[in-house]
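The values are calculated or read from the model by the stated rules, or taken from the named source; none is laboratory data. On a predicted model such as this, the values are computed, not experimentally measured, just so you know. All Cβ positions, even for glycine, are placed from backbone atoms using ideal geometry, and neighbour counts span all protein chains on display.
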Amino acid sequence: MREKKDRSADVAAKPSTSWFGRLQAWKPRWLIVVAGLVTGISILSYGLRQMLIAGDETTIWMFGLFHFAGYLFFIVSPVEILFARMVEFDHGLGLLWVVAVGTALVGQAIDYLIGYAFNDTVIDNVIGEKKYRRYYKRIEKYGGMTIFFFCLFPLSSPIVLLVAGMMRYPARWAMLLSVVGLSIKYAVIGYLVL
């Protein structure tokens, strides 16, 4: 497996003229990780403060913030429970579904880009070698069905998208499979709660 990762690193080391290639060649990449952590923690703390001020009423805006943060690989949380709770509060199911799928997709796109931009050793230190190998083998064996399956169920789909980015899995397919899996998941949760 390390040989495959090394060959992909050689391909990725070629100079690129695109904005993403220049971002990938940027040396202090750890600043992006720190900025991501600060952003995620800021979103969560702001949301908690607003929820405490508002009392029990959770707005769509707060739901969107928490849901987005829950789909970042370094803050993974069970946001499906929050979605079900918001449906119970009698918010519009259609609007909740759009916000849930949209914010989840943005979070997973960020996870994919982080995996694509950073080298294997940085990510190994963040998610662990054992977890990385497990997801790597599943994506290698089952391909896009792994992404679809993990998005369909309340599993750690952000980490799967992170590993898919590291493997240079085609971004279009990863996002398409994520949209389909997330759409089905939240439609079923909404149907079961109503």
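Worth a mention:
- Total residues in segment 78-110 satisfying the condition of being in contact (Cβ under 8 Å) with a residue 40 or more places away in the chain, in a helix (DSSP H, G or I) and under 21 Å from the mean Cα position of the chain (by Cα): the figure is 13.
- Scoring Val179 on the criteria (1) surrounded by 21 or more Cβ atoms within 10 Å (Cβ to Cβ); (2) within 15 Å of the chain's Cα centre (by Cα) leaves a single failure, condition (1).
- Tally of residues being within 23 Å of Phe148 (Cβ to Cβ) and either crowded, with 20+ Cβ neighbours inside 10 Å or out of contact with any Pro (no Cβ under 8 Å at 6 or more places or on another chain) (or both) across segment 76-92: 6
- Residue within segment 149-156 that is part of a helix (DSSP H, G or I) and among the polar types (S, T, N, Q) present: no
- Check on Tyr132, modelled with pLDDT under 85 and in a helix (DSSP H, G or I): yes
- Thr103 under 22 Å from Ile189 (Cβ atoms), modelled with pLDDT of 85 or more, surrounded by 15 or more Cβ atoms within 10 Å (Cβ to Cβ) and among the polar types (S, T, N, Q): yes
- Considered as a group, the residues in segment 149-168 that are surrounded by fewer than 21 Cβ atoms within 10 Å (Cβ to Cβ) and hydrophobic (A, V, I, L, M, F, W, C) include one that is modelled with the lowest pLDDT, and that residue is Leu155.
- Segment 153-188, residues that are without any contact (Cβ under 8 Å) to a residue 40 or more places away in the chain and among the basic types (Lys, Arg): Arg172
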